[in-house]
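Here's the structure we're looking at; comments come further down.
The values are calculated or read from the model by the stated rules, or taken from the named source; none is laboratory data. Note that this is a predicted model, so its numbers are computed, not measured. Cβ placement follows ideal geometry from the backbone for every residue including glycine, while neighbour counts extend to all protein chains displayed.
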Amino acid sequence: MSRFTVRPISLFAQKKLEQDGVHPLLARLYAARGVQSADELDYGMERLLPPEALSHAGEAAVLLADTLKANGKIVIVADYDCDGATACALGIRAIRAMVRAHPDCRAQVDYLVPDRFTLGYGLSPAIVDLAAQKKPDLIVTVDNGIASLEGVMHATKLGIATLITDHHLPGECLPKAQCIVNPNQPDCDFPSKHLAGVGVMFYVLIALRAELRGRGWFATDEAPNLASFLDLVALGTVADMVALDHNNRVLVHHGLARMRAGKLCPGLAALFATSGRDFWQFSIFDLGFVLGPRLNAAGRLSDMSIGIECLLADDPGRAFSLAQKLDALNRERREIEADMQEQALILLESIDADTSPPGLALFDPQWHQGVVGILASRLKERIHRPVFAFARGENGEIKGSGRSIPGLHLRDVLDLISKRAPDLLLRFGGHAMAAGVTVREADFSRFRDHFAAIAAEHLTPADLSYQVVTDGSLETGWCTLDTARQIAGQIWGQGFPAPLFADEFMVEQERLLKDKHLKLRLARNNQKFEAIWFNHADSLPNPASLAYRLDINRFQGIESAQLVVEDMAL
């Protein structure tokens, strides 16, 4: 159980939004998320930030265009998560379309995705050697490369040019690539620092199309429509959990609209089919929790090339076959995760949440490398502390994946550890809320102690107090199917959270579904509500103060409003 707080709201902004014609409830929700005017809800493609604002995107376009003109070969080196897979598929599909648009162009584009268990992350010298076997003129990284100093140097020695497209935070030194496009590099003034890797690649491709158009590449002036690839951009952006600022919401809005209209690549259509969902009903939630995990499962347990091939497949039969493999891997991932979580919870029983360190690092030799990130996320949610979970790698190393809470920037923590103990970290990288690190197994206790000490320095007791931020009470008159549809039709996500309401209910009926989901009938102000609390089997007090989402329940072709309970107040 948790303590509920209400998200502050600007009444002035709310009134202005209502005057601009925004639905009264949505005006209240948007004002609480910092929206000041209806212009910020305009998701027209013309509202996208211009590609020339992204530092070095134009130089990247020239590098790519020169390679195409010379009939060269491009090899895209991808990352092994959903963002990396969608960025890779986007690059290959778009560049091949530009090659086809010129009758005399014989340039080629191929890809390589490293095995995370043997080659690790980023453009390492070993990955460059693999790429070199494909005889590329240009290596393009997507969703990685900003920390690949040695790999870029090795590529240069082999006579291979490199273009880095990434969005991760850079270290003190940048690789000496021919070109780097990253909104988070020091010299970039791009207003949105939250582009996912697939978003960065999309901007580079916009710049490339403009460069080719300026060279008269498209004889009939029929350049590829890059908007046709926004299904991939939307999926990678949502799945990577980057903040959905206005620019990202524009990208996701149009990608989701294409999906709902059935204008999606065969691979995504197949993934929808294997999930048992109809794409025309899909929401942001489904992108992050239905499609994203199926693609990520390939990188976690097997080979992300399965996921990339699914996204590249033009034949629906082949796409469906690959989607079935991804679905099977995702089921296997869930089973492994459940077993690891059970082991971790047993380990946590010996840790007093009130006296435990503000930052926890856990290691079990039996844990699976590909699932420690999910495990760290689950544990972080359970104990509201930053967590690193480690699994055994090779050559005496262990690999950890961390998840954080507001108030502690994980990558900065790792950087600080590397300064305090220069011999401790073998490799590290990541974001504020998620990061990865490799240490020697013999050094685990040193890492655990350093992490705990730095977390204690930076986190206050208030940071460690679990609070659920809600949008307050939802008037019973708004608890309708029409309102649920209004909410579902908006763009919500990381940094722009979906509405979460809080009210006190009388509990009129409880029953368990599948022994793990609590189906409820609730009452408030003489009105009754159907509700469900997924993965919660304990009976509720009466009355109960609940945090909930207003959602659409679809059963046998009939839609109805339903409350989805997320938490209960102390």
Find the residue count for the stretch 277-308, including only residues that are aliphatic (A, V, I, L, M) and without any contact (Cβ under 8 Å) to a residue 24 or more places away in the chain. 2
In the set GLY396, GLY402, which member is at positive phi and modelled with pLDDT of 90 or more? GLY396
I'd like to check something: does the stretch 217-231 contain any residue that is modelled with pLDDT of 90 or more, of a type outside the set (S, T, N, Q) and farther than 30 Å from CYS105 by Cα? no
Would you confirm, using the coordinates I've provided, whether THR67 is buried (at least 16 other Cβ atoms within 10 Å of the Cβ), over 27 Å from the mean Cα position of the chain (by Cα) and among the hydroxyl-bearing types (Ser, Thr, Tyr)? yes
Close pairs from the stretch 115-127: first over 11 Å from THR141 (Cα atoms) and assigned by TED's automatic domain parsing to the domain that holds SER148, partner surrounded by fewer than 19 Cβ atoms within 10 Å (Cβ to Cβ) and among the small types (Gly, Ala, Ser), Cβ under 6 Å, at least 6 apart: LEU119/ALA126
Are any of the residues in the stretch 313-321 outside the structural domain of PRO499 (by TED's automatic domain parsing), closer than 24 Å to GLU46 by Cα and either part of a loop (DSSP other than H, G, I, E, B) or of a type outside the set (Phe, Trp, Tyr) (or both)? no
When you scan the stretch 7-19, do you find a residue that is in contact with a His (Cβ under 7 Å, 6 or more places away or on another chain), hydrophobic (A, V, I, L, M, F, W, C) and loosely packed, with under 14 Cβ neighbours inside 10 Å, even just one? no
Looking at the structure I just gave you, is ASP110 acidic (Asp, Glu), in a helix (DSSP H, G or I) and free of Cβ contacts under 8 Å to residues at least 60 places away in the same chain? no
Among residues belonging to the stretch 130-183 that are assigned to a strand (DSSP E or B) and either of a type outside the set (Val, Ile, Thr) or modelled with pLDDT under 95 (or both), point out the one that is nearest to the chain's Cα centre (by Cα). LEU163
Please find, within the stretch 502-546, the residue that is farthest from GLU475 (Cα to Cα) out of those that are in contact (Cβ under 8 Å) with a residue 24 or more places away in the chain and charged (D, E, K, R). GLU510
Which numbered condition in (1) over 18 Å from ASN184 (Cβ atoms); (2) out of contact with any strand residue (DSSP E or B) (no Cβ under 6 Å at 6 or more places or on another chain); (3) without any contact (Cβ under 8 Å) to a residue 60 or more places away in the chain is the only one that ALA131 fails? (2)
Out of the stretch 226-276, which residues are in contact (Cβ under 8 Å) with a residue 60 or more places away in the chain, farther than 17 Å from THR86 by Cβ and not in a helix (DSSP H, G or I)? ALA243, ASP245
Grab the strands (runs of 3 or more DSSP E) fully contained in the stretch 484-570, keeping just those with 3 or more residues being in the same structural domain as GLY288 (by TED's automatic domain parsing) and on the phi > 0 side of the Ramachandran plot. none
Could you figure out which of (1) touching a residue at least 24 places away in the same chain (Cβ under 8 Å); (2) out of contact with any Gly (no Cβ under 6 Å at 6 or more places or on another chain); (3) among the acidic types (Asp, Glu) isn't true of ASP482? (1)
